[in-house]
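Reading through the structure tokens given below for one structure.
Here, each number is a calculation from the coordinates, and none is a lab measurement. Note that the coordinates shown come from a computational prediction; the quantities given were computed from them, not determined experimentally. No Cβ is skipped: glycine too gets one built from the backbone with ideal geometry, and neighbour counts run over all protein chains shown.
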Ligand code: KIV
């Protein structure tokens, strides 16, 4: 197993794992100083492209954004989401995962689901593709987008799936919108790190969509804390620029040749 992945696993029960999404180089360069793991998430479909669902994201789009992100990362573990329909069976999954790994030079891929994709994950791991799992709310297939863990059956399935994913060889699992006490149980029952998003402080680490964290993406959901409102900062800067151009204050001599 790659050193970086082992280091991430070793953080379990020792120190919290810091993760964020990035879709481009300049942002990745900043996040790399603070993150253990940077995910090129297929959330870029809704955040950047206004798609109704992440199902519309193509393999090529993921690869192009990931190539940009790669240029900004020196130390963090880089994970790329495999988009919807690219891992329907073990052969297709392997072909597409190999393409992602070779074209983007990422460290691992992430797939959504449990029991249904057990064999697919096993085959990827057997073929030396490091895999991150994703349980709870699964944006590629979920219909209700409600938090998970209210019903006993749902709780049992998520715990069973987490154990199955560990058995299949994933090195970590994202828990998305999972009720806090269930996130605690899952985190305690498996030996690989859980990374929560809307899944409480009971997980081994946290991930957020960067654009949500800085208030660039205008959404309001319970699990997002907006650490700043970068839209306000951008608005101020662009407004100033616009005034300066109108008033012939920009460019000055020092900006000209
Ligand atoms: O696509 C994404 O950004 C994700 C994270 C929210 C975990 O899967």
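Return a yes/no flag: does the range 21-30 have any residue that is in contact (Cβ under 8 Å) with a residue 40 or more places away in the chain, part of a loop (DSSP other than H, G, I, E, B) and away from the ligand (no atom under 13 Å from the Cβ). Scanning the range 21-30 turns up at least one residue that is in contact (Cβ under 8 Å) with a residue 40 or more places away in the chain, part of a loop (DSSP other than H, G, I, E, B) and away from the ligand (no atom under 13 Å from the Cβ). Across the range 185-195, a minimum of one residue is classified as within 14 Å of the ligand (Cβ to nearest atom) and touching a helix residue (DSSP H, G or I) at 6+ places or on another chain (Cβ under 6 Å). If I filter the range 31-52 down to residues being in contact with a helix residue (DSSP H, G or I) (Cβ under 7 Å, 6 or more places away or on another chain), part of a loop (DSSP other than H, G, I, E, B) and within 16 Å of the ligand (Cβ to nearest atom), which single residue comes out as farthest from residue 201 (Cα to Cα)? Restricting to residues being in contact with a helix residue (DSSP H, G or I) (Cβ under 7 Å, 6 or more places away or on another chain), part of a loop (DSSP other than H, G, I, E, B) and within 16 Å of the ligand (Cβ to nearest atom), the top hit is 51. With respect to the conditions (1) free of Cβ contacts under 8 Å to residues at least 24 places away in the same chain; (2) surrounded by fewer than 22 Cβ atoms within 10 Å (Cβ to Cβ); (3) within 12 Å of the ligand (Cβ to nearest atom), residue 223 falls short on a single one, namely (1). Hey, any hits in the range 191-208 for a residue that's under 27 Å from residue 2 (Cα atoms), without any contact (Cβ under 8 Å) to a residue 60 or more places away in the chain, in a helix (DSSP H, G or I) and out of contact with any strand residue (DSSP E or B) (no Cβ under 6 Å at 6 or more places or on another chain)? Among the residues of the range 191-208, not one is under 27 Å from residue 2 (Cα atoms), without any contact (Cβ under 8 Å) to a residue 60 or more places away in the chain, in a helix (DSSP H, G or I) and out of contact with any strand residue (DSSP E or B) (no Cβ under 6 Å at 6 or more places or on another chain), which makes the answer no.
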